[in-house]
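Asker: Could you have a look at this structure, given as structure tokens, before my questions?
The values are calculated or read from the model by the stated rules, or taken from the named source; none is laboratory data. On a predicted model such as this, the values are computed, not experimentally measured, just so you know. Every residue, glycine among them, receives a Cβ derived from its backbone with ideal geometry; neighbour counts consider all protein chains shown. Ligands, DNA and RNA are stripped out before the accessible areas are found, and what is left, the full protein with its side chains, is counted by its heavy atoms. Shrake-Rupley method; radii C 1.70, N 1.55, O 1.52, S 1.80 Å.
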Amino acid sequence: MQRAARSIDLPLIAERVETEGELGVLREMGIQGVQGQLVGAPGPQGFARQACGLNSE
């Protein structure tokens, strides 16, 4: 997957990164971004919609 994404210039984002060890391996692999508990806890329900100016329905 990494090779395919790079061949068409797509950024690679790893999800569910929870430890420094995982982050280190991903950095060695050249992953451009991460999401997960290590870098930030989830926000409250509805936060993203509110931040984008959308209704909470």
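Asker: For segment 27-38, indicate whether the set of residues that are free of Cβ contacts under 8 Å to residues at least 12 places away in the same chain and among the small types (Gly, Ala, Ser) is non-empty. Full working, then the answer.
Answerer: Going through segment 27-38, the residues free of Cβ contacts under 8 Å to residues at least 12 places away in the same chain turn out to be 27-28.
Among the residues that remain, those that are also among the small types (Gly, Ala, Ser) are: none.
No; the residues of segment 27-38 include none that is free of Cβ contacts under 8 Å to residues at least 12 places away in the same chain and among the small types (Gly, Ala, Ser).
Asker: Working only within segment 5-38, note down all residues that are assigned to a loop (DSSP other than H, G, I, E, B), modelled with pLDDT of 90 or more and open to solvent by less than 100 Å² (accessible area, probe 1.4 Å).
Answerer: Listed by number, the residues that qualify are Val17, Glu18, Thr19, Ile31, Gln35, Gly36, Leu38.
Asker: For Gln50, indicate whether it is without any contact (Cβ under 8 Å) to a residue 24 or more places away in the chain, open to solvent by 100 Å² or more (accessible area, probe 1.4 Å) and part of a loop (DSSP other than H, G, I, E, B). Walk me through how you get there before you give the answer.
Answerer: Numbers: without any contact (Cβ under 8 Å) to a residue 24 or more places away in the chain: yes; open to solvent by 100 Å² or more (accessible area, probe 1.4 Å): yes; part of a loop (DSSP other than H, G, I, E, B): no.
It is false that Gln50 is without any contact (Cβ under 8 Å) to a residue 24 or more places away in the chain, open to solvent by 100 Å² or more (accessible area, probe 1.4 Å) and part of a loop (DSSP other than H, G, I, E, B).
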